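See below for the structure under consideration.
The values are calculated or read from the model by the stated rules, or taken from the named source; none is laboratory data. Please read all numbers here as calculations on a predicted model, not as lab measurements. In this analysis, Cβ positions are derived from the backbone assuming ideal geometry, glycine residues included, and neighbour counts consider all displayed protein chains.
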């Protein structure tokens with residue numbers, strides 16, 4: 001828009017300058033006062049047009065200057081035409097009484113003699129306002145960083161205006177035969193032409209750079225299997241790159257709007273696409289969606305779209321542009337991977353049930369054995385004369401109960417062994433654990449272990465697949481049984497806890513329990529940051545991973561500085577979350593091992609007597625037995641005896657090992673204060 005108005009106004013200014021030059025040439029050769037006045041009258045028209053064109057050229061081209069001042073100058077130039085055509089012979093003279101001739105540079109000039117027009121003051125005011133307008137626009141342009149334009153265009157126009165005023169003064173004093181107005185305007189037009197020419201040169205360079213950039217972009221998009229697209233929201237016109245048109249199966253000359261694009265999408269995905277687009281237009285968010293379509297080769301294709309919305313100064317959406325990618329192969333790979341995961345999960349369930357085979361066999365054999373014994377007893381009762389039908393009825397009731405018990409066990413096994421797709425649903429935590437408990441009870445009895453379930457009432461449901469979650473719980477229970485090998489029967493207890501609030505979790509937490517915590521920032525009761533501070537102050541702190549949907553940079557920095565293992569948004573991938581949890585578990589394992597070693601070392605050093613501590617401090621200083629004996633005032637044999645006792649109690653065999661274990665104890669803050677300060 002700026003360039004269009006600039007070129008138009010430049011053309012008007014150039015034509016007006018040419019007309020002024022032609023009229024001025026005739027003017028200086030006028031023969032009569034009437035002819036001079038008539039030419040001067042018409043010369044005010046192109047002069048006014050040129051002045052107005054110059055004002056608005058500066059306003060649009062430089063995008064500077066005060067609009068009200070531009071309209072004021074325009075109004076004054078139009079106003080001067082009123083006395084020019086209606087009241088006086090022209091706007092310069094009220095009356096031309098005669099002409100006098102003068103020779104200037106070898107040329108004879110006709111110079112008017114007469115009374116000045118009082119309306120001429122409007123011309124002077126207009127030129128003064130024009131000068132102020134140009135100065136203001138030049139200063140604004142300079143501040144915007146366009147210093148060359150401010151100097152060349154603004155400076156030359158100011159110079160031309162001042163030069164015109166100077167020429168007018170010389171003409172009024174009779175030094176010059178005329179104001180040479182066409183020469184002044186020609187300077188201004190030349191400056192305008194220079195700036196527009198520089199723009200053309202820059203535009204040509206930009207066009208060349210744009211072509212090169214477009215070629216690079218097309219090459220990169222082709223290498224990445226991307227197609228470019230752009231939707232003009234106002235005109236409802238969609239442009240798609242060549243790669244995108246090949247994917248959509250449309251020609252280069254085929255017009256595409258939003259409704260036409262929707263017709264290419266699978267019918268089941270059209271409404272979702274429309275809702276996503278409307279949501280993007282209504283909200284300040286990026287555009288991202290996937291849909292299915294029938295490709296040119298009659299195969300179903302999956303297309304992913306990514307884009308950003310541009311708005312005008314009023315916030316109205318004007319342009320949505322982005323890239324599209326054919327993700328059919330990726331989707332097929334995801335389906336294959338999901339099938340493989342389902343197969344692996346099935347194998348894992350079979351393996352888990354294999355570990356429970358003896359327990360399951362016992363669970364099934366018990367009701368089957370009871371059914372067999374009840375059937376034999378019923379047969380005996382029926383052989384009696386008369387048969388005891390009431391007893392037989394009770395036996396049949398027991399057989400029915402045992403049969404239902406066996407069916408329940410087999411049904412649970414069938415569900416675990418069945419090949420199935422993942423089905424996400426809301427599940428009650430109590431119900432999940434109760435179902436696994438029934439399947440796991442016999443295994444617990446066989447390992448002489450117990451299971452205690454401590455779950456708070458009113459827990460919210462979890463969203464997941466029932467069988468997969470049961471498999472996870474079952475694997476954890478089996479791993480717990482393996483971890484308790486070698487423990488006494490009193491120690492062989494598994495506890496499952498689930499708390500509704502952070503305070504309940506901290507109250508029920510066992511100090512020697514390892515693991516990590518995955519927490520949100522905003523939780524009922526104590527928030528995530530307070531939980532982190534409480535865990536850090538406990539004797540057995542747990543690493544914490546924050547997973548939140550409401551985060552800011554200061555909070556995340558504060559959490560990481562306080563020792564959080566990671567700070568993730570809920571939009572993070574499951575790989576990132578699992579990696580963070582794995583790091584937290586490894587950190588907890590290392591810290592627990594450090595605390596265990598610290599405790600072990602502290603226990604070793606508590607076995608030393610005060611005298612042995614004194615001897616140890618001198619040994620670590622590298623003193624010989626004689627020196628130690630002399631310093632402590634005891635005989636050398638006592639020193640040797642104490643050294644032997646120290647080596648035995650600390651379970652070391654040389655002074656080198658003794659120094660190493662003391663260094664380690666000191667690093668773990670597990671070494672007691674010795675007789676003298678020792679620098680290890």
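Only one of the numbered conditions (1) part of a helix (DSSP H, G or I); (2) modelled with pLDDT of 85 or more is not met by residue 601, and that is (2).
Would a scan of region 143-157 turn up a residue that is exposed (fewer than 14 other Cβ atoms within 10 Å of the Cβ) and at pLDDT below 80? Walk me through it before giving the result.
Filtering region 143-157 for residues exposed (fewer than 14 other Cβ atoms within 10 Å of the Cβ) gives 143-145, 147-148, 151.
Those still in the list that are at pLDDT below 80 too: none.
No, region 143-157 has no match at all.
Scanning region 617-653 for residues that are within 17 Å of residue 666 (Cβ to Cβ) and either under 60 Å from the mean Cα position of the chain (by Cα) or free of Cβ contacts under 8 Å to residues at least 12 places away in the same chain (or both) turns up 617, 620, 621, 622, 650, 652.
Of the residues that sit in region 3-28 and are farther than 20 Å from residue 184 by Cβ and surrounded by fewer than 18 Cβ atoms within 10 Å (Cβ to Cβ), which one is modelled with the highest pLDDT?
Let us first name the residues in region 3-28 that are farther than 20 Å from residue 184 by Cβ, namely 3-8.
Filter once more, so that each one left must be surrounded by fewer than 18 Cβ atoms within 10 Å (Cβ to Cβ): 3-5, 7-8.
On the way: 3: 60, 4: 73, 5: 78, 7: 79, 8: 84.
The extreme case among them is 8.
Among residues that are free of Cβ contacts under 8 Å to residues at least 40 places away in the same chain and under 25 Å from residue 213 (Cβ atoms), residue 245 is included. Restricting 322, 295 to those that are surrounded by 11 or more Cβ atoms within 10 Å (Cβ to Cβ), at pLDDT below 80 and in the same structural domain as residue 245 (by TED's automatic domain parsing) reduces the list to 295.
So how many residues does region 485-495 have that are surrounded by 12 or more Cβ atoms within 10 Å (Cβ to Cβ) and modelled with pLDDT under 80? Walk me through it before giving the result.
Our first condition is that a residue be surrounded by 12 or more Cβ atoms within 10 Å (Cβ to Cβ); within region 485-495, this holds for 487, 492-495.
Those left that are additionally modelled with pLDDT under 80: 487.
Within region 485-495, residues that are surrounded by 12 or more Cβ atoms within 10 Å (Cβ to Cβ) and modelled with pLDDT under 80 number 1.
Give me the residue from region 557-571 that is surrounded by 14 or more Cβ atoms within 10 Å (Cβ to Cβ) and not in a helix (DSSP H, G or I) and, out of that set, farthest from the chain's Cα centre (by Cα). In this case the residue turns out to be 563. Looking across region 269-289, the residues that are surrounded by 17 or more Cβ atoms within 10 Å (Cβ to Cβ) and in contact with a helix residue (DSSP H, G or I) (Cβ under 8 Å, 6 or more places away or on another chain) come down to 273, 277, 287, 289.
Go over the candidates 507, 551, 519, 530 one by one and state the one that is touching a helix residue (DSSP H, G or I) at 6+ places or on another chain (Cβ under 6 Å) and more than 24 Å from residue 598 (Cβ to Cβ).
Values: 507 fails: touching a helix residue (DSSP H, G or I) at 6+ places or on another chain (Cβ under 6 Å); 551 fails: touching a helix residue (DSSP H, G or I) at 6+ places or on another chain (Cβ under 6 Å); 530 fails: touching a helix residue (DSSP H, G or I) at 6+ places or on another chain (Cβ under 6 Å).
None of the others qualify; the one that does is 519.
Looking at (1) surrounded by 16 or more Cβ atoms within 10 Å (Cβ to Cβ); (2) touching a residue at least 24 places away in the same chain (Cβ under 8 Å); (3) farther than 17 Å from residue 161 by Cα, which is the only condition residue 51 fails? Tallying (1) surrounded by 16 or more Cβ atoms within 10 Å (Cβ to Cβ); (2) touching a residue at least 24 places away in the same chain (Cβ under 8 Å); (3) farther than 17 Å from residue 161 by Cα, residue 51 fails exactly one: (3). Name the residues in region 80-97 that are in contact with a helix residue (DSSP H, G or I) (Cβ under 6 Å, 6 or more places away or on another chain) and either at pLDDT 80 or above or loosely packed, with under 12 Cβ neighbours inside 10 Å (or both), would you? Listed by number, the list holds a single entry, 80.
When residue 114 is tested against (1) over 58 Å from the mean Cα position of the chain (by Cα); (2) surrounded by 15 or more Cβ atoms within 10 Å (Cβ to Cβ); (3) part of a helix (DSSP H, G or I), just one condition goes unmet, and that condition is (3).
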